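*Asks:* Got a structure here, written out as structure tokens. Questions coming.
The values are calculated or read from the model by the stated rules, or taken from the named source; none is laboratory data. Small disclaimer: the values here were computed from a predicted structure and weren't measured. Cβ placement follows ideal geometry from the backbone for every residue including glycine, while neighbour counts extend to all protein chains displayed. Side chains are part of the model used for accessible areas, which takes the heavy atoms of the whole protein and leaves out ligands, DNA and RNA. Shrake-Rupley method; radii C 1.70, N 1.55, O 1.52, S 1.80 Å.
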Amino acid sequence: MTDPLLEGTVVQNHGAHFDVLVDGRTVRCLLRGKLKKDERRSVAPVAAGDRVKIAMLEPGRGVIEHVLPRGSGLSRKAAGSAPLQHTLVANVDQAVIVFAAAEPRADLFLLDRFLVAVIASGLDPVVCINKTDLVDGGPPHARFAVYRQCGFRVLFTSAENGGGLPDLKAALEDRRSVFCGPSGVGKSSLLNAIAPGLQLRTAEVGDVTHKGRHATTSIKLLELPFGGWVADTPGLRQFSFWEGKPEHVAVAFPDLQPYLGRCKYSNCTHGDEPGCALRSALSSGHIERRRLRSYLQIGGR
Ligand SMILES: Nc1nc2c(ncn2[C@@H]2O[C@H](COP(=O)(O)OP(=O)(O)O)[C@@H](O)[C@H]2O)c(=O)[nH]1
Ligand SMILES: [Mg+2]
Ligand SMILES: [Zn+2]
């Protein structure tokens, strides 16, 4: 017997209904009642990126009958007192963490927090430093050198003059990505520059003034003309991510890893105790002071 249900990908959650992409066509779907019941426990039983099975009601309209098992995704803490996880985008391969070389100049402490959150979510991080056209003398490699030394993929781009866009395209091709980073760094501009058909709005005032509201309703998967999709996340801030475990902090700091657990005292606070392996790595120039401060601020041990 053939399965009368069709399989598709949820591209947008509108609250009352969902847009599901099935064989290149968008079908507006409601949610079967039995799935809605789960809502009370998991906040969002269906998220953008979920693979679902739908029954067609009429051309262009259907009902989501099943949600297929999820892979890695990006979540945040749901509003309210109970510690519920709210999945914003499901089945993602990688997160492109976008910051600007200038206007606004990248806050590296915040960049480190994004790295921890992305790694804790099980996604591959790609660091993208945009607006390189605003700094003199080419891409600001030195300031971000430590991230390449750590083995992270680091791209330097300009949505303005096109610099680095081939590298960004190559990183996105045939992969499922989510763009994150502070507002105003050029996420939407970059997507428009590599896929002009998307026509995303840029420099939205709402990104700044209505934090939090749109994260649930307006995350949308954008199909890329060269394969793969990207979810643009307006105003999604790191501190709203679902928290990771302490061991993920260390994974985001491979430069410090050789020295972790090697202090004389097992409860070393890496302050001025004798025999601190991190302090001695700092004195001998093997690690950066800023990275150590960042690691301790995030709660690394
Ligand atoms: N000079 C320069 N400006 C840019 C670049 N990318 C974006 N912008 C500008 O930065 C502002 C914010 O861009 P937007 O794409 O809306 O940022 P988003 O909030 O991260 O999506 C807009 O005024 C853009 O024109 C860039 O590479 N260079
Ligand atoms: Mg934007
Ligand atoms: Zn120590």
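*Asks:* When segment 157-206 is examined, which residues are found to be β-branched (Val, Ile, Thr), without any contact (Cβ under 8 Å) to a residue 40 or more places away in the chain and within 18 Å of Asp133 (Cβ to Cβ)?
*Replies:* Hits for segment 157-206 are Thr157, Ile194, Thr202.
*Asks:* Take the residues in segment 210-229 that are modelled with pLDDT of 80 or more and aliphatic (A, V, I, L, M), then tell me which one is farthest from the chain's Cα centre (by Cα).
*Replies:* Leu224
*Asks:* Take segment 272-291 and flag every residue that is small (Gly, Ala, Ser), open to solvent by 30 Å² or more (accessible area, probe 1.4 Å) and assigned to a helix (DSSP H, G or I).
*Replies:* Ser280, Ser283
*Asks:* Any idea which residue in segment 161-187 is nearest to the chain's Cα centre (by Cα), counting only those that are part of a helix (DSSP H, G or I) and surrounded by 21 or more Cβ atoms within 10 Å (Cβ to Cβ)?
*Replies:* The selected residue is Lys187.
*Asks:* Go through (1) in a loop (DSSP other than H, G, I, E, B); (2) modelled with pLDDT under 95 for Gln297 and report which single condition fails.
*Replies:* Going through (1) in a loop (DSSP other than H, G, I, E, B); (2) modelled with pLDDT under 95 one by one, Gln297 breaks only (1).
Residues are listed down the side, and each one gets a yes or a no for (1) surrounded by 16 or more Cβ atoms within 10 Å (Cβ to Cβ); (2) modelled with pLDDT under 95:
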site	(1), (2)
Asn130	yes, no
Arg148	no, no
Arg153	no, no
Ala159	yes, no
Val208	no, yes
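*Asks:* Quick one: would you say Leu190 is modelled with pLDDT of 80 or more, within 12 Å of ligand 1 (Cβ to nearest atom) and either of a type outside the set (Gly, Ala, Ser) or out of contact with any Pro (no Cβ under 9 Å at 6 or more places or on another chain) (or both)?
*Replies:* Criteria met by Leu190.
*Asks:* Which of the residues that make up segment 120-139 are closer than 15 Å to Val96 by Cβ, aliphatic (A, V, I, L, M) and touching an Asp or Glu at 6+ places or on another chain (Cβ under 9 Å)?
*Replies:* The answer is Leu123, and nothing else.
*Asks:* Something else: Within segment 126-171, track down each residue that is within 16 Å of ligand 2 (Cβ to nearest atom) and within 18 Å of Gln94 (Cβ to Cβ).
*Replies:* Those that are within 16 Å of ligand 2 (Cβ to nearest atom) and within 18 Å of Gln94 (Cβ to Cβ): Cys128, Asn130, Thr157, Leu168.
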